[in-house]
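*Asks:* Below: one structure in structure tokens.
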Amino acid sequence: MIKKLFIITILTILPSVLAMSNPIIVVNKSTVDYINSQPLLDDFYSYIKYNSSNNTLYLFRHNVDYIFADDILYLDNSKITFERDNNSVVFKYLYVNVSNPIILGNYKLYKIEDDYIILKSNNSEEFITNSSFSYKEYNISIVLVSLDYSNVIVNISKNSSSESIKLNLGKPYYYKDFEIIYSNYSKYSKKLQFKVYDIKKISVGNYIDGYKVVDINSKYVELEVNKTNKIKFLNYLIEYIKSVGNYSMFKVIYNKTEVYNLTNKELLEIDNNLYAINNNGTIYLYYKDRKIDENKKLHFGLEDIYGINLLKIDRDIILIGGPVVNKYVRYLIDEGYLKVNITNNYPGKGKGVIAKIKNPYNNKYYIYVLAGSDRVGTKKAIEYFISNRINKNIIFVN
């Protein structure tokens, strides 16, 4: 009886996070629920995405790893200390190695100067002028340009003080609380282009991303954390999963971008089963026998399924969507296993529901239903599920 219900729509299943007894996620690929479930997929699964231009491949990696540690968690030469407390951990201190690329929100580490961390903004403001421009409370005016446009003298003034500096083409100049670069010029218009980056100085006692700086030295920046179970720092999201003996398991999500120049190359093996092909300047990326569309995510671990009976599987199950789009949810309602009768009117417009029930075909495991009266409600249920541990049988999300 169950089998004929499942051959109607194509679904996607995903073997999921260890903390939930390795569940699978079931979502209808032909609906907006599949798009809205992307953050849930990102939370559990690694993916890659790419774009290309001028024979250059830009490969973005979203990695989800599970790491065991005793009382220190090491990441890229940096480290985090923590203490275990019953079924949780308390993150105590971050020791950020200054030799690594350090990204802090919209700023990155520029340099360490005496007892200061110097942070530089990731984005610049651009100015094109043949006379002057203003930045913050400064007025920056062009005084003299060399005949070959290779350097320029500018005057920087603020209130009653002023100073003249020499800028070489393409070379950054650090000035108090900003960095300025003479980046380009036009002989035709006689205008020069400048890029200006904001600079922040952080000292002991100040805060970075909510964490207090307690020490600065030539190797580490030490930050006081005192956060429980889940923290975000640099390009990492770290979440405590469970303890096994004297060790703790953490889920570590981190992102990075890799750049590959394929000039004069037709084929590049990036990883096992991951290849880039340069076809007369157009770059294609293949994983195994599958061509990856540019700017589209490829999650690892997804499979299309058609008519198998998932309810008897030895795993927890997460079902996304209501009975109209997810036949498994319809079956559970029709058979009386799911006590919440999800309809277009209940729980209501823009409202979601999360239901947790014992699997009637395998009572060692649970089924989680994330649904709503409409796509907005289902999306809210997904977002709540990502951010919270589910301990109740029914949760309504407004």
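The values are calculated or read from the model by the stated rules, or taken from the named source; none is laboratory data. Here the structure is a predicted model, which means the values were calculated and not measured. Cβ placement follows ideal geometry from the backbone for every residue including glycine, while neighbour counts extend to all protein chains displayed.
*Asks:* Of these, N359, N344, which one is over 30 Å from the mean Cα position of the chain (by Cα), at pLDDT 90 or above and surrounded by fewer than 17 Cβ atoms within 10 Å (Cβ to Cβ)?
*Replies:* Details: N359 fails: surrounded by fewer than 17 Cβ atoms within 10 Å (Cβ to Cβ).
Within the list N359, N344, the selection yields N344.
*Asks:* Now a separate question. Please go through the stretch 362-398 and give me each residue that is more than 28 Å from the chain's Cα centre (by Cα) and under 23 Å from L310 (Cα atoms), ordered by number.
*Replies:* If we filter the stretch 362-398 for residues that are more than 28 Å from the chain's Cα centre (by Cα), which is where we start, we get 362-366, 373, 392-394.
Matches in the stretch 362-398: N362, N363, K364, Y365, Y366, N393, I394.
*Asks:* Kindly list, by first and then second residue, each pair from a residue in the stretch 348-376 that is free of Cβ contacts under 8 Å to residues at least 12 places away in the same chain to a residue that is surrounded by 18 or more Cβ atoms within 10 Å (Cβ to Cβ) and of a type in the set (F, W, Y), limited to pairs with Cβ atoms under 7 Å and residues at least 6 apart or on different chains.
*Replies:* Pairs found: K358/Y366.
*Asks:* While we're looking at this one, here's another question. Residues in the stretch 266-302 that are under 18 Å from N55 (Cα atoms), surrounded by fewer than 14 Cβ atoms within 10 Å (Cβ to Cβ) and more than 24 Å from the chain's Cα centre (by Cα): how many?
*Replies:* Total meeting the criteria: 7.
*Asks:* With in a strand (DSSP E or B), of a type in the set (D, E), closer than 22 Å to I118 by Cβ and without any contact (Cβ under 8 Å) to a residue 40 or more places away in the chain as the only criterion, which of E179, E163 stands out? Step through it out loud before you land on a result.
*Replies:* Values: E179 fails: without any contact (Cβ under 8 Å) to a residue 40 or more places away in the chain.
The match here is E163.
*Asks:* Give F6, F82 a once-over and let me know the one that is surrounded by 15 or more Cβ atoms within 10 Å (Cβ to Cβ), aromatic (F, W, Y), at pLDDT 90 or above and farther than 28 Å from Y275 by Cα. So that I can check it myself, show each step before the final result.
*Replies:* Working: F6 fails: at pLDDT 90 or above.
On inspection, the qualifying residue turns out to be F82.
*Asks:* I'm trying to understand the selection: among the residues of the stretch 377-398, which are among the charged types (D, E, K, R), free of Cβ contacts under 8 Å to residues at least 40 places away in the same chain and surrounded by 15 or more Cβ atoms within 10 Å (Cβ to Cβ)?
*Replies:* First pass over the stretch 377-398, keeping only residues among the charged types (D, E, K, R): 379-380, 383, 389, 392.
Pick out the ones that are also free of Cβ contacts under 8 Å to residues at least 40 places away in the same chain and you get 380, 389, 392.
Result: K380, single match.
*Asks:* Return the only residue of K195, K120, K166, K191 being closer than 30 Å to K230 by Cα, outside the structural domain of F233 (by TED's automatic domain parsing), among the charged types (D, E, K, R) and surrounded by 13 or more Cβ atoms within 10 Å (Cβ to Cβ). Outline the logic, then answer.
*Replies:* Details: K195 fails: closer than 30 Å to K230 by Cα; K166 fails: closer than 30 Å to K230 by Cα; K191 fails: closer than 30 Å to K230 by Cα.
Testing whether each residue is closer than 30 Å to K230 by Cα, outside the structural domain of F233 (by TED's automatic domain parsing), among the charged types (D, E, K, R) and surrounded by 13 or more Cβ atoms within 10 Å (Cβ to Cβ) leaves just K120.
*Asks:* Go through the stretch 193-212 residue by residue and tally those that are part of a strand (DSSP E or B) and either hydroxyl-bearing (S, T, Y) or within 17 Å of I80 (Cα to Cα) (or both).
*Replies:* Taking the stretch 193-212 first, the residues part of a strand (DSSP E or B) are 193-203, 207-208, 211-212.
Retained after the next criterion (residues that are either hydroxyl-bearing (S, T, Y) or within 17 Å of I80 (Cα to Cα) (or both)): 197, 203, 207-208, 211-212.
Counting residues in the stretch 193-212 that are part of a strand (DSSP E or B) and either hydroxyl-bearing (S, T, Y) or within 17 Å of I80 (Cα to Cα) (or both) gives 6.
*Asks:* So in the stretch 64-79, with the set limited to residues that are surrounded by 15 or more Cβ atoms within 10 Å (Cβ to Cβ) and either assigned by TED's automatic domain parsing to the domain that holds T282 or in a strand (DSSP E or B) (or both), which one is nearest to the chain's Cα centre (by Cα)? Quick ask: steps written out before the conclusion?
*Replies:* Going through the stretch 64-79, the residues surrounded by 15 or more Cβ atoms within 10 Å (Cβ to Cβ) turn out to be 64, 67, 69, 73, 75-76, 78-79.
If we keep only those that are either assigned by TED's automatic domain parsing to the domain that holds T282 or in a strand (DSSP E or B) (or both) too, we end up with 64, 67, 69, 73, 75, 78-79.
Details: V64: 10, I67: 18, A69: 23, L73: 20, L75: 16, S78: 19, K79: 20 Å.
Per the stated criteria, the residue is V64.
*Asks:* Looking at the stretch 213-248 only, could you name the residues that are part of a strand (DSSP E or B) and either free of Cβ contacts under 8 Å to residues at least 12 places away in the same chain or under 27 Å from K49 (Cβ atoms) (or both)?
*Replies:* Taking the stretch 213-248 first, the residues part of a strand (DSSP E or B) are 213-216, 220-228, 230-233, 236-244, 247-248.
Of everything in the stretch 213-248, those that are part of a strand (DSSP E or B) and either free of Cβ contacts under 8 Å to residues at least 12 places away in the same chain or under 27 Å from K49 (Cβ atoms) (or both) turn out to be D215, K230, I231, K232, F233, Y236, L237, I238, E239, I241.
*Asks:* Mind telling me which of the residues I48, I25 ends up being buried (at least 16 other Cβ atoms within 10 Å of the Cβ), modelled with pLDDT under 90, part of a strand (DSSP E or B) and hydrophobic (A, V, I, L, M, F, W, C)?
*Replies:* Working: I48 fails: modelled with pLDDT under 90.
Every option except I25 fails the conditions.
*Asks:* Sticking with this one: Which condition breaks for G170 when tested against (1) small (G, A, S); (2) in a strand (DSSP E or B); (3) closer than 27 Å to E113 by Cβ?
*Replies:* In the conditions (1) small (G, A, S); (2) in a strand (DSSP E or B); (3) closer than 27 Å to E113 by Cβ, G170 misses (2) alone.
*Asks:* Suppose the filter is surrounded by 11 or more Cβ atoms within 10 Å (Cβ to Cβ), in contact (Cβ under 8 Å) with a residue 40 or more places away in the chain, acidic (D, E) and more than 19 Å from V27 (Cα to Cα); does E335 pass it?
*Replies:* Numbers: surrounded by 11 or more Cβ atoms within 10 Å (Cβ to Cβ): yes; in contact (Cβ under 8 Å) with a residue 40 or more places away in the chain: no; acidic (D, E): yes; more than 19 Å from V27 (Cα to Cα): yes.
Spelling it out, it is not the case that E335 is surrounded by 11 or more Cβ atoms within 10 Å (Cβ to Cβ), in contact (Cβ under 8 Å) with a residue 40 or more places away in the chain, acidic (D, E) and more than 19 Å from V27 (Cα to Cα).
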